[in-house]
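The values are calculated or read from the model by the stated rules, or taken from the named source; none is laboratory data. Predicted model, so just to flag it, every value in this text is computed and none were measured. No Cβ is skipped: glycine too gets one built from the backbone with ideal geometry, and neighbour counts run over all protein chains shown. The protein model used for the area step is the full one, side chains on, heavy atoms only, and it has no ligands, DNA or RNA in it. Shrake-Rupley method; radii C 1.70, N 1.55, O 1.52, S 1.80 Å.
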Amino acid sequence: MAEMDTSSSGGKGKHQGTKSKKQSTRVDMTPMVDLGFLLITFFMLTTTMSKPKTMDLIMPKDTKDEKEQNKVKESTALTILLGKKDRVYYYEGLAQDPNASANPDFFKATTFANKGGIRDVIIKKRDEVAKARNAKGEPEDVVVIIKADDDATYKDFVDILDEMAINRIQRYATVDISDQDKTWIRQTEAANGGGSK
């Protein structure tokens, strides 16, 4: 609060009323300091509470030289395809062999269910690669390739990224789906009655 000091500073005597009075102003800064500390405390608390929760993605550098691109071994790869109605299709390897589809067990369908779903498939593949790595002494790890069909939902894509984090899969990539993969999805859906299973 501002206060006015109206006491006279003059001496006593004849000229007591003729001297001009000196007025001093004093501003009390205590409430301003209190307000400053309250604001600092408020902003410190709110900034620590509003940290964004995001998933770190490590993106490979873009290069045109094929020798510098990341190469994946067929034995360590697991390809996951996201379809419609929460359906998940997968196959082991990269499916670069045109005769791969001749094997009926090559292309499989599953869901995001807790038991017998895609999580169990990822864990099984991770354990197989780890066992082979320990036997050979190679530093290879499982690589998951994720491809989303046109009918896949954003929720399914986030769910599969959550599965990567839950199962501690460090090497995974999202890739555009090929025409061959789309054909396999359509054939599997037709065999299963339109994917309603």
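Just one of the listed residues (Thr174, Thr183, Thr110) is surrounded by fewer than 18 Cβ atoms within 10 Å (Cβ to Cβ), of a type in the set (Ser, Thr, Tyr), at pLDDT 80 or above and touching a helix residue (DSSP H, G or I) at 6+ places or on another chain (Cβ under 7 Å), namely Thr110. Within segment 148-197, the set of residues being of a type outside the set (Asp, Glu), within 17 Å of Lys108 (Cα to Cα) and part of a helix (DSSP H, G or I) comprises Ile160, Gln180, Lys182, Thr183, Trp184, Ile185, Arg186, Gln187, Thr188, Ala190, Ala191. The condition (being modelled with pLDDT of 75 or more, of a type outside the set (Phe, Trp, Tyr) and either touching a helix residue (DSSP H, G or I) at 6+ places or on another chain (Cβ under 7 Å) or open to solvent by 60 Å² or more (accessible area, probe 1.4 Å) (or both)) is satisfied by just one residue among Glu74, Glu138, Glu92: Glu92.
Name every residue in segment 29-71 that is more than 30 Å from Ala165 (Cβ to Cβ), modelled with pLDDT under 85 and open to solvent by less than 80 Å² (accessible area, probe 1.4 Å), in order of residue number. Within segment 29-71, just Asp65 meets the criteria. If we scan segment 8-22, do we find a residue that is at pLDDT below 70, in a loop (DSSP other than H, G, I, E, B) and either under 31 Å from the mean Cα position of the chain (by Cα) or within 30 Å of Asp179 (Cα to Cα) (or both)? Within segment 8-22 (the criterion being at pLDDT below 70, in a loop (DSSP other than H, G, I, E, B) and either under 31 Å from the mean Cα position of the chain (by Cα) or within 30 Å of Asp179 (Cα to Cα) (or both)), the answer is no, since none of the residues qualifies. Against the conditions (1) at pLDDT below 85; (2) outside any helix (DSSP H, G or I); (3) in contact with a strand residue (DSSP E or B) (Cβ under 7 Å, 6 or more places away or on another chain), Asp105 satisfies every one except (3).
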